[in-house]
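**Student:** Structure in structure tokens, see below.
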Amino acid sequence: MHEIFNYSDQKRAAILRPYLTKLTQYGITSVCDLALLPAKTAAGMDDQIYPAAYKNLALQNHLPVRVNLYPYFGRGVAEIKQLRQKFTTEQIKVAGGKLFFDGVTSSYTAWMKSNYEQKEIRGTPNIAPNLMKNLIFLAAENQIPLRIHTIGDQAIHQAILDFQAATAKFGSLKSGHHCLEHLETIDPNDISLLKKNDLIASIQPSHPLLDYQTVSQYVGRRAARMWPFATFFQRNIPVAFGTDSPVVTDIRPMQNIYFAMTRQTLNGDPPGGWHPKEKLSLFQALQGQTINAAKACSLEEQTGSLQVGKSADICVLERNIENLAADQLKNIQVDATLLAGNWTFK
């Protein structure tokens with residue numbers, strides 16, 4: 001890790017280039033690069049967000065996607081604003097800040113409203129609740145969209161209340177949207193509050209398939225209300241798809257759509273899908289992969305749908321998928337990808 005943190009911008013760019021090129025073969029035109037928990041290095045805090053590496057590629061005309069960066073918001077407002085001014089181009093922008101409120105269910109670190117099954121613990125926040133509230137207020141005051149890792153129902157609940165209070169004091173964002181990431185064990189009573197507070201549900205359709213066989217041993221009956229994709233749509237909450245790479249790797253957009261529509265693994269397990277009432281339609285899944293994903297990174301006025309006046313960011317599939325069975329979608333190939341009307345893959 002010490003060596004990785006000390007890579008030059010040129011070396012980071014060289015590592016990124018083939019990866020981003022590979023993404024164009026999946027039909028991807030935009031990515032969000034979100035901070036990881038920062039590490040202390042000899043040079044200071046490192047959240048693994050490297051705008052200069054992307055700029056290096058852009059200067060060489062080797063950047064085939066739009067890049068939306070979310071540095072760790074704990075850097076402070078001044079540094080975030082400085083980065084936003086420095087890296088605001090046609091293809092690279094600092095779109096907001098990233099925070100982590102809690103951990104994950106499988107390690108009992110997601111912050112829950114009640115105890116885990118057969119445990120006397122309910123997880124704890126990564127950031128003290130009063131500090132998280134202050135950071136959310138700071139972002140609202142300075143018009144900076146946040147994306148906050150919230151997995152446990154208490155972390156989700158508290159973040160929603162803090163955004164509600166911040167909006168009441170400072171008003172809504174004039175541009176962009178705040179996002180909650182993952183929302184795995186959301187309390188059904190909190191779902192309507194997402195819409196009320198203009199929050200986007202940023203989800204990863206592959207995540208339920210990672211844990212569906214074991215999650216009930218951690219949260220018991222609460223497992224039945226986890227990952228409520230269809231319920232979000234029924235409540236008119238914008239749902240944006242992602243992959244959570246590098247936690248989950250090699251997920252293609254068409255696989256994301258398949259996971260959301262079937263709630264099954266690539267091998268077709270479990271039969272009928274895990275909690276099938278939460279399956280999405282093709283139209284809903286396409287929204288999550290396109291316009292809502294654009295909305296999550298404040299790009300919906302520029303891309304995310306095929307409309308006059310928007311950039312021609314286009315994915316061309318080998319077949320019309322409208323009348324295909326859901327299990328056929330995971331193998332659909334991309335024939336071509338365009339970014340702003342220019343071929344990035346063909």
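The values are calculated or read from the model by the stated rules, or taken from the named source; none is laboratory data. Because the structure is predicted, anything quoted here is derived from the model rather than measured. Using ideal geometry, Cβ is built from the backbone for each residue, glycine included, and neighbour counts are taken over all protein chains shown. Surface accessibility is based on the protein's heavy atoms, side chains included, excluding ligands, DNA and RNA. Shrake-Rupley method; radii C 1.70, N 1.55, O 1.52, S 1.80 Å.
**Student:** Go through (1) aromatic (Phe, Trp, Tyr); (2) under 28 Å from LEU339 (Cα atoms); (3) open to solvent by less than 60 Å² (accessible area, probe 1.4 Å); (4) out of contact with any helix residue (DSSP H, G or I) (no Cβ under 9 Å at 6 or more places or on another chain) for PHE5 and report which single condition fails.
**Tutor:** Failing condition for PHE5: (2).
**Student:** Sticking with this structure for a sec: Just to confirm my filter: which helices (runs of 4 or more DSSP H) fall fully inside segment 164-278 and include at least 2 residues that are in contact with a helix residue (DSSP H, G or I) (Cβ under 6 Å, 6 or more places away or on another chain) and of a type outside the set (Ser, Thr, Tyr)?
**Tutor:** Working: elements: 188-196, 207-211, 216-219, 229-234, 253-262.
Passing ranges, in order: 188-196, 229-234, 253-262.
**Student:** Residue by residue through segment 115-138, note down the ones that are within 17 Å of THR150 (Cβ to Cβ), among the polar types (S, T, N, Q) and touching a Gly at 6+ places or on another chain (Cβ under 9 Å).
**Tutor:** Within segment 115-138, THR124, ASN126 qualify.
**Student:** For a quick check of your reading of the model, give me the residue pairs whose first member lies in segment 300-311 and is assigned to a loop (DSSP other than H, G, I, E, B), whose second is surrounded by 12 or more Cβ atoms within 10 Å (Cβ to Cβ) and of a type in the set (Asp, Glu), with beta-carbon atoms closer than 6 Å and at least 6 apart or on different chains.
**Tutor:** THR303/ASP313
**Student:** OK, next. So which residues in segment 73-98 are closer than 22 Å to LEU57 by Cβ and under 18 Å from the mean Cα position of the chain (by Cα)?
**Tutor:** ILE92, LYS93, VAL94, ALA95, GLY96, LYS98
**Student:** OK, next. I need every pair where a residue in segment 150-161 that is more than 15 Å from LEU99 (Cα to Cα) has its Cβ under 8 Å from the Cβ of a residue that is β-branched (Val, Ile, Thr) and open to solvent by less than 10 Å² (accessible area, probe 1.4 Å), sequence separation at least 6 or different chains.
**Tutor:** Going by the 8 Å Cβ cut-off, the qualifying pairs are ASP153/THR185; ASP153/ILE186.
**Student:** Return yes when ASN126 is in a loop (DSSP other than H, G, I, E, B) and closer than 30 Å to LEU299 by Cα and no when it is not. So that I can check it myself, show each step before the final result.
**Tutor:** Values: in a loop (DSSP other than H, G, I, E, B): yes; closer than 30 Å to LEU299 by Cα: yes.
Yes, satisfied.
**Student:** Cβ contacts < 7 Å: first residue within 12 Å of ARG66 (Cβ to Cβ), restricted to segment 10-33; second residue at pLDDT below 95 and open to solvent by 60 Å² or more (accessible area, probe 1.4 Å), any location; separation 6+ or different chain. Result?
**Tutor:** none
**Student:** I'm trying to understand the selection: among the residues of segment 17-49, which are open to solvent by less than 70 Å² (accessible area, probe 1.4 Å) and either modelled with pLDDT under 95 or among the basic types (Lys, Arg) (or both)? Lay out the reasoning, then the answer.
**Tutor:** First, the residues of segment 17-49 that are open to solvent by less than 70 Å² (accessible area, probe 1.4 Å): 20-21, 23-24, 26-35, 38-39, 41, 44, 46-49.
Passing the criteria: PRO38, ALA39, THR41, GLY44, ASP46, ASP47, GLN48, ILE49.
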